[in-house]
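The values are calculated or read from the model by the stated rules, or taken from the named source; none is laboratory data. Keep in mind that this is a model prediction, so the values were computed, not measured. Cβ atoms come from the backbone with ideal geometry, glycine included; neighbour counts cover every protein chain shown.
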There are 4 protein chains.
Amino acid sequence: MAACGRTGLWLIGARGSVATTAITGLLALRAGVVPPTGCVSAGPRFAELGLPDWDELVVGGHDIVSTPLDKRAEPLTEAGVIPHRVLDAVRGQLADVDAEVCAGYHPATHDGSQADAAARLGADIRAFARRHDLARVVVLNVSSTEPVFPELPEHRSLRSLEAAMAVPGRTVLPPSSVAVHAALYAGCPYVDFTPSTGIRLPALAELAERQGLPYAGSDGKTGETLVRSALAPMFAARALRVRSWAGTNLLGGGDGQTLADAEHAGSKLESKGRGLATLLGGEVTAPLHIDNVPDLGEQKVAWDHVSFEGFLGARMSLQFTWTGLDSALAAPLVLDLARLTAAAHAAGQRGPLGAFAFFFKDPVGSTEHRLAEQAAALHAWAADLRERQ
Amino acid sequence: MAACGRTGLWLIGARGSVATTAITGLLALRAGVVPPTGCVSAGPRFAELGLPDWDELVVGGHDIVSTPLDKRAEPLTEAGVIPHRVLDAVRGQLADVDAEVCAGYHPATHDGSQADAAARLGADIRAFARRHDLARVVVLNVSSTEPVFPELPEHRSLRSLEAAMAVPGRTVLPPSSVAVHAALYAGCPYVDFTPSTGIRLPALAELAERQGLPYAGSDGKTGETLVRSALAPMFAARALRVRSWAGTNLLGGGDGQTLADAEHAGSKLESKGRGLATLLGGEVTAPLHIDNVPDLGEQKVAWDHVSFEGFLGARMSLQFTWTGLDSALAAPLVLDLARLTAAAHAAGQRGPLGAFAFFFKDPVGSTEHRLAEQAAALHAWAADLRERQ
Amino acid sequence: MAACGRTGLWLIGARGSVATTAITGLLALRAGVVPPTGCVSAGPRFAELGLPDWDELVVGGHDIVSTPLDKRAEPLTEAGVIPHRVLDAVRGQLADVDAEVCAGYHPATHDGSQADAAARLGADIRAFARRHDLARVVVLNVSSTEPVFPELPEHRSLRSLEAAMAVPGRTVLPPSSVAVHAALYAGCPYVDFTPSTGIRLPALAELAERQGLPYAGSDGKTGETLVRSALAPMFAARALRVRSWAGTNLLGGGDGQTLADAEHAGSKLESKGRGLATLLGGEVTAPLHIDNVPDLGEQKVAWDHVSFEGFLGARMSLQFTWTGLDSALAAPLVLDLARLTAAAHAAGQRGPLGAFAFFFKDPVGSTEHRLAEQAAALHAWAADLRERQ
Amino acid sequence: MAACGRTGLWLIGARGSVATTAITGLLALRAGVVPPTGCVSAGPRFAELGLPDWDELVVGGHDIVSTPLDKRAEPLTEAGVIPHRVLDAVRGQLADVDAEVCAGYHPATHDGSQADAAARLGADIRAFARRHDLARVVVLNVSSTEPVFPELPEHRSLRSLEAAMAVPGRTVLPPSSVAVHAALYAGCPYVDFTPSTGIRLPALAELAERQGLPYAGSDGKTGETLVRSALAPMFAARALRVRSWAGTNLLGGGDGQTLADAEHAGSKLESKGRGLATLLGGEVTAPLHIDNVPDLGEQKVAWDHVSFEGFLGARMSLQFTWTGLDSALAAPLVLDLARLTAAAHAAGQRGPLGAFAFFFKDPVGSTEHRLAEQAAALHAWAADLRERQ
C-alpha cells in the first residue's frame, strides 16, 4: 500500500485544552521525550498500515480565542496534564504551530452570509495544505460543546441548505456545521470529537457523499462513558438485570463551565444516555448530572451507582469513581483519529467510519456501544486495510 | 441433535450456601415462581442446543455436613439470598433433594485407603444415576475451599497415584481430588467451581483422558474478578498503563471463615492474581486481601483501586466497590455449568472445556481472561454445537 | 421531679414509612423483642429524667392515607427495615394503634375554611388525650415533604392569619401549618421532623409563645447531612480549606417520588445547604442532587465528594458513600423526640428547643450544626434537667 | 505573659519528606508567599499566646541521610506537595537550614556505647542553641517508623537504663529513644510525631520528670485515623451499633516502603487499632491493612468500610475513600507542635501534654480519641494559657 505521507491535522478549537495537549504531546513524541502512552494507533495492530509518523503530522487550525498555545499550555502544567519538562522541551515549536492557527468563525463577530464564512474557512485550510505540501488534511473538531441547535427544514438537502447559507445575516447552521461545510468543500475528511451538531445533518452527509469523503464521530469517549461501555456488557453477558444506573460528573475547566449551562448539558447528556440504553438492551432509571466544580480544574470525577438484580431477585450494587484528566485522555485519541482517518482517506474509504465507534460516545455509522466489540471492529478494520495493501 | 435428556447434577458440598441456593432456585424455576435471572444458559444463544430443561435436572450430592437443606436455606432468607415466598414454595421438594445427599469424604473420619473412599463415593453416584434413570450425571464441586495441598511425585501419573491411594491410611490426595477420581471412574463429566486442587493433577487429567470425559473449571468468577475481567481490557485497549491495582475483599459467611485462614487464602489469592497479570499483560503492584468480616453474612464487599498513567504520564485512578451476594451470583452459574457440560458430554466432547472460561477465575484449557472474549468464545461454542446437530 | 407519666404521641402522617416503623418499633420495644438500637434517649445520659417508658407512650395520629398500619408494614419487611419476626410479634397491636388514626387534612378534599379544618384536627387530638387519660400529647410531623409554600403577609401576625383562616375556601396555610395551629390550640408541644413549613411562620411562633408551649424542628437529620455534620468540622478544626463539596442522593420509596418533583426538592435542598455553609464558615461550590430511583425502595444512597486544600496549596479529596435505610434511621429519633419533648413540656420549657438541634438538619432555636457540639448541648440539657428535679 | 522568643525546632529525620515539607513551608510562610493553610496554630484561638512567629523559628536537626534539603524537595514538587514557585522562592534558604543538619545516630554505623551516642547528639543540639542564641529548642521526631523494639528490664528505671547505655556495643534503646535521652539531657521539650518507641519507656518518662520538661506524642494523626476520629463518635452519639470497620491503606513514598515490612507495620497498625476500640467503646471486627504501592508516591489512599446496625437490627453501611498527601498533612502540624510545645515550656508546663491529643493517633497523657473533644481540650488549654498571662 501507499503510505499516507505528510498529513495535515486541522483542529477546530486549536487553542483549547484538548488541542493544546494534543499538539504539545505530538511535539514531545516527535522529540522522543515521552512514550506514546494512551495512543491506540501506536500499538502493534496498527503497524504497517502506512499511518503518518509523528513527524509527518503537520498541525494548524481555527480558534476564536487568540491566547497563544504556549500560554494556554501553562495552566495545563499546574493541572498535572503537561509535565514542566515537556513544555520546556517543545515551547519553541509550540509557537510555530500557533502561527498556523487562524481566526475561527463565530456568528457574533461575523458580517455577511454563512456561505462567505464557510468559504473563508475553507480557503484557510487550502492555503495551509499548499504551504506545507500536504497529501491530505484531516479536519477535527475539538472546540467547546455548542448549545443544542434547532432542526430546520433547510437542513434536509444540500440545495436548500446552501440557498439559506447564501442569505446575508441568516444563521442556518451552528459554527460546528459551518466548519464541516468548509472542510468537505476543501476535500478534507472530517472527525467530530464533540457532541455538537457538526456533520449530523442530512444536507452535510449529502455533501460528504458527493465529495466521496470519509468522516467519523462523535463525542470522544474518554471517561464515565468509557467505563460504562466496558462494564455494562458484563451485566448483559451474565443475565443480571440492571435496575438503575445513576451517574454524577464533577468537572472544572472550560468544559465544566460550558456544561453548567443547562442548554449545553442537554447535548452532552443526551449523547451519554443513548449509549447506556443500547448497552443494557432497554431503558433503565438512569439519572445523570454534570456539575461545574471549578476547583477541580482539568480533573473530572465521575461516580456511578449501579443497582442490579440477580438470581431469585437478589439485590446487589456496583459503584465506581473515576478520577481522570480529560485533556490527557482525549489528546492521544485526537492523534489516533488523525492518523487513522488519514489512512481511511488514503485507502479511498468514504462515508461514516463505523469502525471507529471505539473512540466515540455516540458513534456515526455504528450501533455498537460495547467497548470490547468496538475494539474488535477497529482491529478488524486495521487488519483488512493491511491485507489490501 | 439428540437432547441431553434426564441429567443428574451431583454436587460435592451439596448442603453449602451455593448448593442450597442453586437447588432452591432450580426448584423455583421448575415451579415457575421466579424468572431465570442470572442464568446465562437461559438466553436465546443457548436455545435449541438440547440442554436439559429445569425439570430434567435431578440433583443429589455429597456433603460432610448433615443439616438438612431446608434448615440450611433459612439463614439464606435472612441474608437476602432466598426470598421467604420462594422457600415456602419449594420447602417440600427441598426435603426430597436432601434425601439424595450422601455422607461426603473427609480424611479425619475415614478409615481405610483413599481408593476405598473413592470407590464408595463412585458407588453413591452410580446408584443415584440408576435410581433416577439418568442419561448422564455432571459432578460439580461447590464445597469449601481447601488449604493448598502439597505437590507429590505420586501425582505425576495415574499408575503411581493409584498405587498410593491403595495404601490404607495414606492421604495422597485432598478430598476434592478424591471426589474427581470417583466421578471420572463413574463416567461423569466434572466441573470445579472452587480453587481447590480437584482435577488439576497430571494423574487425574490422564484419567479423564482415558475415560474420554470433558471437564471444566476452576473457581467460579462471581465478584471482584468478574469486574476486573471486564475492566482491565479497557486499559489495555486504550494503551493506558496500569501502575497498580489493589484489592480488598470483605466477606462473612462460611467462605469468610475459611479464607481467613492464611493457608486457605493462599489458594484463592493465587487464583485471583494469575488472571490480573494476564489481563494487564505483565506484573503490576497488586496487593490483595481477603478479610473475614462475619457480620456481612452472605454479602461480599470488594474495593479495588486502580492507579494508571495516560498521555504525557498523567496520573489518574479508577476505584470500584462491589457489593454482591456470593451465593446468589454463583448459584445460577452452577445450573448453567450443569446444563452446558451435559451438552458437551452428549456431543462427545472430551478434555478441558476451554470454551467455558467465561465462568472461571482460573480457567482450564484456556489462557483467555478477558470477559468479552470469553463470552464470545462461549457463544461460538454454542453456535458450533447447534450447527452440528 | 415529676415523671412525664402517660404521654401521647400524635403523628401527622401516621401511616407513612417513618411512622409505621416507629410504631412497630415502639410495640417491639414494649414487648421486649428488640434492643433500643438507634434510640439516643435509651442511653445512660437520659436515665432518671422521668422520660415516659415505652409502655407509657400511646400513639395516634392523622393521615390522608387509609391503608392500615399492618399492610403498610409489609413492604417494609421486604425492604429490610422491619424483620418478619418483629412484625409477627406486634401485628395485633398495630391494628389497635391504627384505630387511633384519624383522617388527615388536605385542601383538595376539604370544604369550608382552614379554621374549621384546624378545629376538627384539634378536636381529634383532644378526644385522643381524654380517651387515654394522657398527661400530655406531643404532636410530631412525619408526613411527606410539602412543596414550598409562598410567604404571605397574613403569616406575619396571629391576628391576620386567623382572619384569613376563617375565610371559607381560602388556602392561607400549607397542611403542615394547619396541623401546627391545631396542635398548639390543643395545648400540645410540637415537633417538626420534615422540612415543610410547619411552625416556621411568625404567626405560629406567636401562638406557641402565647400558649407557653415548647417546640422543636426541623427536618430530621438521618443520612448525608448527619455525616456532613460530623465530617465538616474536621476540616475546620484542621484549618484545611474545603474548595467544593458535591453531593448526590439516590432514593426510592415515597420520599424519592416526592422529592423528584423539583418544587419539593427545593425545600429539602435548601434545608441541606444551609447547614453546610454554616459548618464550613462560608459558601463553597456545593452542587447537590436528589434523584428518584424507585428500585432502591427504602434504601438511600448518598455520595459526597469533598475537594480540599492543605499546606502549600496541596490538593486532596475525601469521598464517602452512605447506604442507609431512611425509615430505620428516622424512627428511633421520632421516639426520642416524643420522650424528650414530653420532658421539656413537663419541666415547663417553652419556645424553640435549641438543645434538640442534634436531631435536625435545620434546627430551630440554634445555629449550631456541628454534630459533636450538638450532642454536647443535648447532654447538657439533660444534665440540667436532672439537676432541677 | 512573656513571648516564647527565638525558638529552635530540632528535627530527628530532618531530611525526610515531612521535615523537608515543613522546612520549605516555614520558609515560604516567612517569605509571605503562601497562606498558613493547615496550620492550626495560625487561627484566632491561638493568637496572643506568645507563640514564636514564623521568623522566630530556627530549624536544625539530625539525619542519617546526607542528600541536601533542596535535592530532597525536588521529588516533592513532582508529587504535588511543594509547588515549583515555592521551591524556587526558598531554595537559597533551604541550603542554610541544611547546614544545620548533623549526622544522626544509627547503631549500624556507631562505635562505642549508646551513652556516647546520646552525649554526641545532645552536644549538637546545645551547640545549635548557643549558635543561634535560642530561648529554647523543641526536639521533634519525624524520622521513619522503627521496627517494634522489645521491652527490656533495663527500661524500667533511669538508673538501670543508663547503666546499660554505658556498656560499649550494647543496644539497649532504639534510635528514637536515644534521641529522646539526648534531648531531655539538653533540657529540651520533646514531641514524637511517629509511632516509634521514643519517650514511651518508664526510664525516659522518669528523666523528663526529673528535668521538668513537657513532652507530647505520639504518631501524627493525618489521614484515615483523623477521619475515623471524626466519624466514629457519630455512631456512638446516635446509638448505632458498629458491627465491623475494615480499613485498607495504600501508600507509596518512604513510608510505604518502611511499612511494607511486616515488623514495621506492626507498630503502626497497633497505634491505629487502639484508637478505634476506644472510639467505639469496645472491640469490633476491624481488619486493617497497609500496602506499599510505590507508584502512589507521596499520595496515600485509604478506604474504610463501616457496617452498622440501626433500629430493629437494620443493616447499613458507610464507606469512605481518603486521598491525601501525607507530607502536606503532617508538615503544618509539625510547625504547630513546635510553636505550642514552646509555649507550654515557656509557661513551665511539664510531663505529658494530654491537651495535644488532637494531633496524635496514640496520645500520651490522654485517653480521648474523639476529634471534636480533642479540639475542645486544645482550645481550653489555649484559653487557659492566655488567661494566665
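In the stretch B:181-198, how many residues are part of a loop (DSSP other than H, G, I, E, B) and more than 17 Å from B:Asp362 (Cα to Cα)?
Quick first cut of the stretch B:181-198, residues part of a loop (DSSP other than H, G, I, E, B) only: B:186-189, B:193-198.
Add one more test, that the residue is more than 17 Å from B:Asp362 (Cα to Cα), and what stays is B:186-189.
Count: 4.
What residue, of B:Ser177, B:Ser229, B:Ser244, is over 30 Å from D:Arg243 (Cα atoms), surrounded by fewer than 24 Cβ atoms within 10 Å (Cβ to Cβ) and among the small types (Gly, Ala, Ser)? Give the steps one after another, and end with the answer.
Details: B:Ser177 fails: surrounded by fewer than 24 Cβ atoms within 10 Å (Cβ to Cβ); B:Ser229 fails: surrounded by fewer than 24 Cβ atoms within 10 Å (Cβ to Cβ).
Only one candidate passes the filter, namely B:Ser244.
Taking the stretch A:76-99, which residues are touching a residue at least 12 places away in the same chain (Cβ under 8 Å), charged (D, E, K, R) and surrounded by fewer than 21 Cβ atoms within 10 Å (Cβ to Cβ)?
If the condition is that a residue be touching a residue at least 12 places away in the same chain (Cβ under 8 Å), charged (D, E, K, R) and surrounded by fewer than 21 Cβ atoms within 10 Å (Cβ to Cβ), then A:Glu78, A:Arg85, A:Arg91 are the ones that fit.
Counting just the residues of the stretch A:317-335 that are of a type in the set (Ser, Thr, Tyr) and either crowded, with 22+ Cβ neighbours inside 10 Å or under 27 Å from A:Pro83 (Cβ atoms) (or both), which one comes out farthest from the other protein chains (Cβ to nearest Cβ)?
The first filter runs over the stretch A:317-335 and keeps only residues of a type in the set (Ser, Thr, Tyr), leaving A:317, A:321, A:323, A:327.
Keeping just the survivors that are either crowded, with 22+ Cβ neighbours inside 10 Å or under 27 Å from A:Pro83 (Cβ atoms) (or both) gives A:321, A:323, A:327.
On the way: A:Thr321: 5, A:Thr323: 5, A:Ser327: 8 Å.
Of everything passing the filter in the stretch A:317-335, A:Ser327 is farthest from the other protein chains (Cβ to nearest Cβ).
Collect the residues in the stretch C:1-38 that are in a loop (DSSP other than H, G, I, E, B), within 14 Å of chain D (Cβ to nearest Cβ) and either surrounded by fewer than 24 Cβ atoms within 10 Å (Cβ to Cβ) or free of Cβ contacts under 8 Å to residues at least 60 places away in the same chain (or both), keeping them in residue-number order. So that I can check it myself, show each step before the final result.
Looking only at the stretch C:1-38, we keep the residues that are in a loop (DSSP other than H, G, I, E, B), and these are C:1-6, C:13-16, C:31-38.
When the remaining residues are screened for being within 14 Å of chain D (Cβ to nearest Cβ), the result is C:31-38.
Correct list: C:Ala31, C:Gly32, C:Val33, C:Val34, C:Pro35, C:Pro36, C:Thr37.
So which residues in the stretch A:38-96 are over 20 Å from the mean Cα position of the chain (by Cα) and under 29 Å from A:Ser177 (Cα atoms)?
Residues satisfying the conditions are A:Glu56, A:Ser66, A:Thr67, A:Pro68, A:Asp70, A:Lys71, A:Leu94, A:Ala95, A:Asp96.
Can you pull out the residues in the stretch B:125-140 that are surrounded by 15 or more Cβ atoms within 10 Å (Cβ to Cβ) and not in a helix (DSSP H, G or I)?
The initial filter retains those residues of the stretch B:125-140 that are surrounded by 15 or more Cβ atoms within 10 Å (Cβ to Cβ), namely B:125-126, B:128-129, B:132, B:134-140.
Listed by number, the residues that qualify are B:His132, B:Leu134, B:Ala135, B:Arg136, B:Val137, B:Val138, B:Val139, B:Leu140.
Hey, among B:Asp133, B:Asp124, B:Asp116, which residue is of a type in the set (Asp, Glu), modelled with pLDDT of 95 or more and within 25 Å of B:Gly220 (Cβ to Cβ)?
Working: B:Asp133 fails: within 25 Å of B:Gly220 (Cβ to Cβ); B:Asp116 fails: within 25 Å of B:Gly220 (Cβ to Cβ).
The conditions single out B:Asp124.
Given the condition part of a helix (DSSP H, G or I), within 24 Å of D:Thr20 (Cα to Cα) and assigned by TED's automatic domain parsing to the domain that holds D:Gly13, answer yes or no: does some residue in the stretch D:157-168 qualify?
Within the stretch D:157-168, the first condition is being part of a helix (DSSP H, G or I), and the residues that meet it are D:158-165.
Retained after the next criterion (residues that are within 24 Å of D:Thr20 (Cα to Cα)): none.
No - not one qualifying residue is present in the stretch D:157-168.
Quickly run through the stretch C:187-197 and pick out the residues that are crowded, with 24+ Cβ neighbours inside 10 Å and over 15 Å from C:Ser218 (Cβ atoms).
Within the stretch C:187-197, just C:Cys188 meets the criteria.
Name the one entry in B:Val178, B:Val148 that is farther than 21 Å from B:Pro363 by Cβ and either touching a residue at least 12 places away in the same chain (Cβ under 8 Å) or not in a helix (DSSP H, G or I) (or both). Explain how you work it out, then say what you get.
Working: B:Val148 fails: farther than 21 Å from B:Pro363 by Cβ.
Step by step, each of B:Val178, B:Val148 is checked, and only B:Val178 is farther than 21 Å from B:Pro363 by Cβ and either touching a residue at least 12 places away in the same chain (Cβ under 8 Å) or not in a helix (DSSP H, G or I) (or both).
Report every pair of residues separated by at least 6 positions or lying on different chains whose Cβ atoms are under 8 Å apart, first residue within the stretch A:151-170 and closer than 17 Å to A:Ala182 by Cβ, second part of a helix (DSSP H, G or I) and among the basic types (Lys, Arg).
If the second residue must be part of a helix (DSSP H, G or I) and among the basic types (Lys, Arg), the pairs left are A:Leu158/A:Arg210.
Given the residues D:Ala347, D:Ala314, D:Ala338, which is the only one that is at the interface with chain C (Cβ under 7 Å from one of its Cβ atoms) and either of a type in the set (A, V, I, L, M, F, W, C) or surrounded by fewer than 23 Cβ atoms within 10 Å (Cβ to Cβ) (or both)? Steps first, please.
Working: D:Ala347 fails: at the interface with chain C (Cβ under 7 Å from one of its Cβ atoms); D:Ala338 fails: at the interface with chain C (Cβ under 7 Å from one of its Cβ atoms).
Unique residue meeting the criteria: D:Ala314.
Those residues that are within 14 Å of chain B (Cβ to nearest Cβ) and closer than 28 Å to D:Arg339 by Cβ, I need them from the stretch D:201-243; list them, please.
D:Glu224
Out of B:Glu154, B:Glu209, report the one residue that is out of contact with any Leu (no Cβ under 6 Å at 6 or more places or on another chain) and of a type in the set (Asp, Glu). If you could, list the steps in order and put the result at the bottom.
Details: B:Glu154 fails: out of contact with any Leu (no Cβ under 6 Å at 6 or more places or on another chain).
Selected residue: B:Glu209, the only one of B:Glu154, B:Glu209 that is out of contact with any Leu (no Cβ under 6 Å at 6 or more places or on another chain) and of a type in the set (Asp, Glu).
What's the number of the condition D:Ala372 fails, among (1) of a type in the set (Gly, Ala, Ser); (2) under 18 Å from D:Gly220 (Cα atoms); (3) outside the structural domain of D:Ser143 (by TED's automatic domain parsing)?
Tallying (1) of a type in the set (Gly, Ala, Ser); (2) under 18 Å from D:Gly220 (Cα atoms); (3) outside the structural domain of D:Ser143 (by TED's automatic domain parsing), D:Ala372 fails exactly one: (3).
Just one of the numbered conditions (1) modelled with pLDDT of 90 or more; (2) over 13 Å from C:Asn249 (Cα atoms); (3) within 19 Å of the chain's Cα centre (by Cα) is not true of C:Thr285; which one?
Against the list (1) modelled with pLDDT of 90 or more; (2) over 13 Å from C:Asn249 (Cα atoms); (3) within 19 Å of the chain's Cα centre (by Cα), C:Thr285 comes up short only on (3).
Among the residues of the stretch A:351-377, how many are within 13 Å of another protein chain (Cβ to nearest Cβ) and farther than 14 Å from A:Val191 by Cβ?
Total meeting the criteria: 10.
Restricting attention to the stretch A:46-73, and to residues there that are over 27 Å from A:Asp124 (Cα atoms) and surrounded by fewer than 16 Cβ atoms within 10 Å (Cβ to Cβ), which single residue is farthest from the other protein chains (Cβ to nearest Cβ)?
A:Glu48
Where residues in the stretch B:271-285 are in contact with a Ser or Thr (Cβ under 7 Å, 6 or more places away or on another chain) and more than 9 Å from every other protein chain (Cβ to nearest Cβ), which of them is nearest to B:Asp326 (Cα to Cα)?
B:Lys272
Quick check: anything in the stretch D:215-233 modelled with pLDDT of 95 or more, basic (Lys, Arg) and touching a Ser or Thr at 6+ places or on another chain (Cβ under 8 Å)?
yes
For C:Asp295, state whether it is within 21 Å of D:Arg228 (Cβ to Cβ) and more than 7 Å from chain D (Cβ to nearest Cβ). Outline the logic, then answer.
Details: within 21 Å of D:Arg228 (Cβ to Cβ): no; more than 7 Å from chain D (Cβ to nearest Cβ): yes.
No.
Looking at (1) of a type outside the set (Val, Ile, Thr); (2) buried (at least 24 other Cβ atoms within 10 Å of the Cβ); (3) within 9 Å of chain A (Cβ to nearest Cβ), which is the one condition that is false for B:Glu309?
The number of the failed condition is (2).
Of the residues B:Leu204, B:Leu250, B:Leu213, which is assigned by TED's automatic domain parsing to the domain that holds B:Arg120, buried (at least 18 other Cβ atoms within 10 Å of the Cβ) and without any contact (Cβ under 8 Å) to a residue 60 or more places away in the chain?
Just a single option satisfies the conditions, and that option is B:Leu204.
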